[in-house]
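To keep things clear, I will list the structure first and then write my remarks on it.
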Amino acid sequence: MDNQKQPDLEIVRKFFSERDRLARRLDIKLLKVAPGEAVARMDVREHHLNAADIVHGGAVFSLADFAFAVASNSHGNTALAVNVSITFMNAARADGSLTAHAREISRSSRLGHYEVLINDDRQVPIARFNGTVWFKSQPLPLPQQPPP
């Protein structure tokens with residue numbers, strides 16, 4: 001894994017933005033990709049709300065999981081979640097947007113640990129997500145990178 005060349009991060013961004021069908025369905029936008037890091041935003045819409053008219057926990061989890069997936073796959077090897085947890089700190093309002101900031105905490109040849117912080121557009125903390133991935137030996141199936 002360590003001898004694999006870092007993929008073009010614009011290709012990684014485009015790959016996840018176009019191919020993650022649930023993220024597209026939930027209107028999640030990928031704002032930033034860096035090695036071991038990702039930022040994603042979801043503008044809250046009617047279909048994100050639960051019966052109590054607050055953002056559904058599943059929508060918040062999906063936003064965090066998407067940022068986690070991008071950050072953990074950003075090195076080029078296929079990364080699969082093996083354990084995740086989320087702690088909800090505040091209810092998310094039915095207006096505005098939510099932003100998930102995922103960052104790598106540690107990484108070995110087989111396991112990676114990530115933290116995702118989700119805030120609303122007023123910087124109120126909504127949730128904290130922690131995840132562990134297992135890195136497969138296969139590279140992420142990215143389209144060919146352009147020649148240098």
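The values are calculated or read from the model by the stated rules, or taken from the named source; none is laboratory data. Because the structure is a prediction, the values reported are computed rather than measured. When we count neighbours, we look across all protein chains shown, and the Cβ atoms used for this are built from the backbone with ideal geometry, even at glycine.
So that you can scan it fast, the table gives a plain yes or no per residue for (1) in contact with a Phe, Trp or Tyr (Cβ under 7 Å, 6 or more places away or on another chain); (2) within 25 Å of ILE11 (Cβ to Cβ):
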residue	(1), (2)
VAL82	yes, no
THR87	no, no
ALA92	no, no
ARG110	yes, yes
ARG122	no, no
ALA127	yes, no
PRO141	no, yes
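Among the residues of region 61-80, write down those that are of a type in the set (Gly, Ala, Ser) and either more than 22 Å from GLU10 (Cα to Cα) or surrounded by fewer than 24 Cβ atoms within 10 Å (Cβ to Cβ) (or both). SER62, ALA69, GLY76 - these are the residues of region 61-80 that are of a type in the set (Gly, Ala, Ser) and either more than 22 Å from GLU10 (Cα to Cα) or surrounded by fewer than 24 Cβ atoms within 10 Å (Cβ to Cβ) (or both). When GLU115, GLU46, GLU104 are checked against the criterion of being among the charged types (D, E, K, R), at pLDDT 95 or above and out of contact with any Phe, Trp or Tyr (no Cβ under 9 Å at 6 or more places or on another chain), GLU46 stands alone in meeting it.
Residues in region 60-73 include none that are in contact with a Ser or Thr (Cβ under 9 Å, 6 or more places away or on another chain) and assigned to a loop (DSSP other than H, G, I, E, B). The set of residues in region 1-44 being basic (Lys, Arg), touching a residue at least 24 places away in the same chain (Cβ under 8 Å) and part of a strand (DSSP E or B) consists of ARG41 alone. When region 92-124 is filtered for residues that are surrounded by fewer than 19 Cβ atoms within 10 Å (Cβ to Cβ) and not in a strand (DSSP E or B), the ones remaining, listed by number, are ARG93, ALA94, ASP95, GLY96, SER108, SER109, ARG110, ASP121, ARG122, GLN123, VAL124. If the condition is being crowded, with 17+ Cβ neighbours inside 10 Å and more than 17 Å from VAL33 (Cα to Cα), then region 125-148 contributes ILE126, ALA127, PHE129, GLY131, THR132, VAL133, PHE135.
Scanning region 46-57 for residues that are loosely packed, with under 14 Cβ neighbours inside 10 Å, in a loop (DSSP other than H, G, I, E, B) and without any contact (Cβ under 8 Å) to a residue 40 or more places away in the chain yields ASN50, ALA51, ALA52.
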